[in-house]
Amino acid sequence: MKNLNNKISAFTLVEVIMVMVLSLLVLGIVLLGFKHFQQYRAIQEKESQRLEEILLIQSALNTWFFKAHEIVLADEAIVFKDSVIFGLCKFEEEFLILEANSNVDRFKVKPAKLRITKCSELPYVSELYFEIEAKGKLDPFLFRKNYGKSVLFNSKERDYEH
């Protein structure tokens, strides 16, 4: 007769339940960590995008102040000209708007302490100063245009011609 007392090696029901509970606990911790990672990444992405916008604003205004022969204030906008108008900068309630040719860029930044200084002899803008909040503090932006004597002389000649 065959031996019927062969033991089958297997896991008990308690052991299987314990493994499932532990694996669910580990899975829950991993999912919670992943959720926090996604939130952190979204915040970082937003900050990175805001920094990119601020750098784009700074770069465009630096270039325009350097390139322009005349910078005038007209209809609550700063107009940048060489032989033709090539750029406009407007400050609205919560937006800074830069227009170049047919491109219009609206940046959701609220400039604080906006100051526009004109030349004493001319209606030209010589300095633009404003601050933008970034990472909880205000970052200052200062752009200056020094007009040469030829611009001053040509401007006075045009005034006498009219």
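Per-structure values
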{"quantity": "The stretch 38-76, residues that are part of a strand (DSSP E or B) and either modelled with pLDDT of 85 or more or surrounded by fewer than 16 Cβ atoms within 10 Å (Cβ to Cβ) (or both)", "calculated": "Ile71, Val72, Leu73, Ala74"}
{"quantity": "Leading residue by the ranking (surrounded by the fewest Cβ atoms within 10 Å (Cβ to Cβ)) among those in the stretch 117-162 that are modelled with pLDDT under 55 and of a type in the set (Phe, Trp, Tyr)", "calculated": "Tyr160"}
{"quantity": "Members of the stretch 88-136 found to be touching a residue at least 60 places away in the same chain (Cβ under 8 Å) and in a strand (DSSP E or B), listed by number", "calculated": "Leu128, Ile132, Ala134"}
{"quantity": "Top-ranked residue in the stretch 77-87 [being assigned to a strand (DSSP E or B) and either touching a residue at least 60 places away in the same chain (Cβ under 8 Å) or not charged (D, E, K, R) (or both); ranked as nearest to Ala60 (Cα to Cα)]", "calculated": "Gly87"}
{"quantity": "Subset tally (residues that are farther than 22 Å from Thr117 by Cβ and over 21 Å from the mean Cα position of the chain (by Cα)) for the stretch 43-99", "calculated": "2"}
{"quantity": "Close pairs (9 angstrom Cβ cut-off, 6 or more residues apart or separate chains): within 22 Å of Gly136 (Cα to Cα) in the stretch 28-47, exposed (fewer than 10 other Cβ atoms within 10 Å of the Cβ) anywhere", "calculated": "Glu47/Lys135"}
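The values are calculated or read from the model by the stated rules, or taken from the named source; none is laboratory data. Keep in mind the model is a prediction, meaning the values are calculated, not measured. All Cβ positions, glycine included, derive from the backbone under ideal geometry; neighbour counts span all protein chains shown.
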